[in-house]
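Let me begin by handing over the structure; questions about it come next.
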Amino acid sequence: QVHLVESGGGLVQPGGSLTISCAASGNMYRVNVMGWYRQAPGKQRELVAAFTRGGQPTYAPSFEGRFSISGDVASGTVTLQMNGLKPDDTAVYFCVSGLTLGTVLGNPTTWGQGTQVTVSS
């Protein structure tokens, strides 16, 4: 069993930056990839980015260049740095994990409870 806990969400003004973090615990041998999804009001959950134990990031096209994922999967930590935030980025951001990159990109094994990010003036 893997347990994911997000932190760092909050209110930020348009154009601002915010960093959210995730800490994993439990059976870490089942975790080779961690990442982030988000769900905006009235919309489906969507992939934001993933990060492998080897340090390789993967981004959904709409986030590359504006968001940056980093971390240490072996230690169970992953961080999402978000820049140039827009009101459309308002969403609940979920930390996810899985054994393979394909798992995290398609159907993550484990989900955190989520952290709210609100972009508003």
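Coordinate-derived values only; no laboratory data. Because the structure is a prediction, the values reported are computed rather than measured. As a convention, Cβ positions derive from the backbone with ideal geometry for all residues, glycine included, and neighbour counts pool all protein chains shown.
Kirkwood hydrodynamic radius of the chain from all distinct Cα pairs, in Å? It would help to have the intermediate numbers written out before the result.
Working: mean 1/r = 0.0716 Å⁻¹.
After inverting the mean inverse Cα-Cα distance, the result is 14.0 Å.
Suppose we keep just the alpha-carbon trace of the stretch 1-69; what are its Rg and Dmax in angstrom?
For the stretch 1-69, the Cα radius of gyration and maximum Cα-Cα distance read 13.4, 39 Å.
Debye sum, Cα scatterers, the stretch 1-40, no solvent: what log₁₀ I/I(0) at q = 0.26 1/Å?
-0.99
Amide H neighbours of residue 48 under 5 Å, counting only residues 5+ apart in sequence or on other chains, H built in-plane at 1.01 Å?
Distant-sequence amide H within range of residue 48: 36, 37, 38.
Going 7 Å from the Cα of residue 72 in the Cα-to-Cβ direction, what parts of the stretch 15-35 have a backbone nitrogen less than 20 Å from that spot?
Zone members listed by number: 19-35.
How much length is gained if the chain between residue 64 and residue 39 is pulled fully straight, taking 0.36 nm per residue apart and subtracting their Cα-Cα distance, in nm to one decimal? Intermediate results must be reported in sequence, preceding the final value.
Numbers: separation 25, 0.36 × 25 = 9.00 nm, distance 1.76 nm.
So the extension gain works out to 7.2 nm.
Measure off 7 Å from each Cα along the Cα-to-Cβ vector at residue 27 and residue 100, then give the distance between these two points in nanometres to one decimal.
For the pair residue 27/residue 100, the computed spacing is 1.8 nm.
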